[in-house]
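The values are calculated or read from the model by the stated rules, or taken from the named source; none is laboratory data. Computed from a prediction, not measured in an experiment: that's the story for all the values here. Every residue, glycine among them, receives a Cβ derived from its backbone with ideal geometry; neighbour counts consider all protein chains shown. Protein only, heavy atoms only, side chains kept; ligands, DNA and RNA dropped before computing areas. Shrake-Rupley method; radii C 1.70, N 1.55, O 1.52, S 1.80 Å.
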Amino acid sequence: MTEPTRLTNRQVADILAGVGARLQILDANRFRIIAFQNAAESIRNLAQDINAINAAGELKNIPGVGKGIGDAIHHLLANGSDPEFDALFEQVPQGVVDMMQVPDMGPKKAKRLWEELGIDSVDALRTAAEQGKLRDLKGFGAKSEEKILKGIELLSTRVDERTSIGVARPLALGMIAALKAALPPETIERIEVAGSLRRWKETIGDVDILCVSGQPVLVMEAFRSLPEVAHIAGAGETKSSVVLGNGLQVDLRVVEAKNWGAALQYFTGSKEHNVAVRELALKQGWSLNEYGLTATGSGDAAEGEQRFFAEEADLYAFLGLEWVPPELRENRGEVQAARQHRLPTLVAMGDLQGELHGHTTYSDGTGSVAEMAEAARARGYRYWSVSDHSVGLGIVQGVDADKLRRQRVEIDAYNAHCTEQGIDFRLLQGSEVEILADGALGLSDEVMAGLDVVVASIHSAQRQDRETITARCLKAIYNPHVDILGHPTGRLIGSRPPTEIDMERVLQACRETGTVVEINANPARLDVNDVYARRALELGCKIAINCDAHDVLGMEIAEFGIGTARRGWVTAADVVNTLPLDAMLACLKDVQAKDD
DNA sequence: GCCGTTTTCGGCCCGACTGTTTTCAGTCG
């Protein structure tokens, strides 16, 4: 019996989004459209495999999935297709859906161009615009053609539509610093990044900056004159949009001090979180916008009465909510938790006591053992684990048992120096041991037993099929000497997709064996991501937040790991490297085994 | 089509901007 090809969460989400887009073009009931879009987004952000959820008969537990969409997904997974969806995909060509990628081209325009001029692809759209065939259509003019051509151009030049937070954040902070420097000190009263950057999302669509100033025009002019600006996309009195050389769009909005709370809330998003908050406000008789609350007349306050909030927390409190940390604002249950005053106290930078995964010149790092130790101490860490690559990783000169012995001497000497000087710091000896293609490890059990911390990671044969790579990883997890699973999915944001590994089984095995799950803080990795981190907690796993530093500057990125952890609802108590040294070591497998 | 601190029906967020318009529809964030 042959099974249909197994659909991934992303594929199911894409199909549902495709259905939503086609319903939009066909001008279906707008709430039905939203339902498909919500379900697609919900499944895209799911930690568990949709097939497993389906097998357990729990599709309807997915937020946004009810009977109708649930049944359709069931069909889709069982047969590889759904008759109703197939008909929709047949009716509206993919090219017409693609046309909606062009800026300012929505479903209404796409539909009319398709129906009235037979345009059914972006290419056909370009040709028609070039030939001036669009201006005859009611509602279109020469300017529309120009705009469409420009939009198509933009589409083809912009390869990645989202920018890594690792790139966007320094750029945004740099622009804020430059803007302050360019203006008299008192011009800007407050300024902060908002949007997905403030939420520490792993990729950023565009940068939103919010500021309070009594002289908005002055601020706008200074902003548009910054040297990074390649193109000015919009220039209003309180709002400007610019595009930087790398294609990143940055929006700056100036508001009055009394609107700061509502404006910061509004521009931080996410859209889904804001919708949930506004719905809640409406139920209490208030309409919420970026300026504040306006009474609708359905509550106690007289219609039209306004409330302003200098701080975000005041707005949340007025609605009966705890202040929601930006990282949680994704409408993943945070509004309800805030109502019940049961939001978690998220892990913060200051909680980290040390790190358990980093490299030195013994493998592919550029800092010596002592240099890395000094850098760790400068950050206020109490411990840092030297975990160079083991043998088995082809491209890197790995560390074998012999080299480890020499390294141990160096580490012992550094620790002795700390003891003499009365310095409360301890270097640990570890390894980032290679999980080989067959699941064997790059070091023997005997050697690993002599190490303080063992991180096990996959760097090769990442294209193995789901079953193979999962079994390979499980073998490492069940090894009694492996303490931490390093960057579990192997993804590189924007350049390499995650392996096909079955994270649900991996996390369950980590829970069962007491293997710690890493959040690798490298902004190109952020692995595990926010969603898997939260799932790991649900299953009862422990987390480690590590920079995987390869040089002394490599420890500066810890904040990205913290941001990802916070997005995953992680508290300090969930993270082993927030513990003092002895308590942290007691969480690791080897020590537990020795105690037995 | 989904959902429930107005739960099995009747709701479902808000404002700015743009281009083509003489009052607005469409798009976006």
(request) Considering every residue within region A:60-76, establish whether at least one is free of Cβ contacts under 8 Å to residues at least 60 places away in the same chain and touching a His at 6+ places or on another chain (Cβ under 8 Å). (result) no
(message) Out of A:Ile53, A:Ile33, A:Ile15, I need the residue that is near DNA strand B (Cβ under 9 Å from one of its atoms), assigned to a helix (DSSP H, G or I), of a type outside the set (Lys, Arg) and under 28 Å from A:Val531 (Cα atoms). Which one?
(response) A:Ile33
(message) Residues that are more than 22 Å from A:Lys589 (Cβ to Cβ) and either open to solvent by less than 50 Å² (accessible area, probe 1.4 Å) or of a type in the set (Val, Ile, Thr) (or both): does region A:472-487 have at least one?
(response) no
(message) Checking the structure you have, find out if any residue of region A:559-574 is without any contact (Cβ under 8 Å) to a residue 12 or more places away in the chain, assigned to a loop (DSSP other than H, G, I, E, B) and surrounded by fewer than 24 Cβ atoms within 10 Å (Cβ to Cβ).
(response) no
(request) Only helices (runs of 4 or more DSSP H) wholly contained in region A:76-176 count here; list those with 3 or more residues that are more than 13 Å from DNA strand B (Cβ to nearest atom) and in contact with a strand residue (DSSP E or B) (Cβ under 7 Å, 6 or more places away or on another chain). (result) none
(message) For region A:110-121, give me the residue count where each residue is in contact (Cβ under 8 Å) with a residue 12 or more places away in the chain and open to solvent by 30 Å² or more (accessible area, probe 1.4 Å).
(response) 7
(message) So for region A:349-365 (the condition being more than 17 Å from A:Asn546 (Cβ to Cβ), open to solvent by 70 Å² or more (accessible area, probe 1.4 Å), part of a loop (DSSP other than H, G, I, E, B) and touching a Pro at 6+ places or on another chain (Cβ under 9 Å)), does at least one residue qualify?
(response) no
(message) With open to solvent by 60 Å² or more (accessible area, probe 1.4 Å) and outside the structural domain of A:Leu264 (by TED's automatic domain parsing) as the only criterion, which of A:Leu226, A:Leu197, A:Leu218, A:Leu210 stands out?
(response) A:Leu218
(request) State all residues of region A:404-440 that are open to solvent by less than 30 Å² (accessible area, probe 1.4 Å) and in a strand (DSSP E or B); if no residue qualifies, say none. (result) A:Leu427, A:Leu428, A:Gln429, A:Gly430, A:Ser431, A:Glu432, A:Val433, A:Glu434, A:Ile435
(message) Among (1) crowded, with 24+ Cβ neighbours inside 10 Å; (2) within 18 Å of A:Ser387 (Cα to Cα), there is one condition A:Glu446 misses while meeting the rest; what is its number?
(response) (1)
(request) Could you check, for region A:235-255, whether at least one of its residues is part of a strand (DSSP E or B) and more than 26 Å from A:Trp200 (Cβ to Cβ)? (result) yes
(message) Looking for something more than 27 Å from the chain's Cα centre (by Cα) and either more than 27 Å from A:Trp260 (Cβ to Cβ) or not in a loop (DSSP other than H, G, I, E, B) (or both) - is there at least one such residue anywhere in region A:188-200?
(response) yes
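Here is a yes/no grid of residues against (1) over 16 Å from A:Ala194 (Cβ atoms); (2) out of contact with any Phe, Trp or Tyr (no Cβ under 9 Å at 6 or more places or on another chain); (3) near DNA strand B (Cβ under 9 Å from one of its atoms):
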{"position": "A:Gly261", "(1), (2), (3)": "no, no, no"}
{"position": "A:Thr268", "(1), (2), (3)": "no, yes, no"}
{"position": "A:Gly285", "(1), (2), (3)": "yes, yes, yes"}
{"position": "A:Thr294", "(1), (2), (3)": "yes, no, yes"}
(request) Give the residue, chosen from A:Leu315, A:Leu343, that is at pLDDT below 95, of a type in the set (A, V, I, L, M, F, W, C), over 30 Å from A:Ala549 (Cβ atoms) and open to solvent by 10 Å² or more (accessible area, probe 1.4 Å). (result) A:Leu343
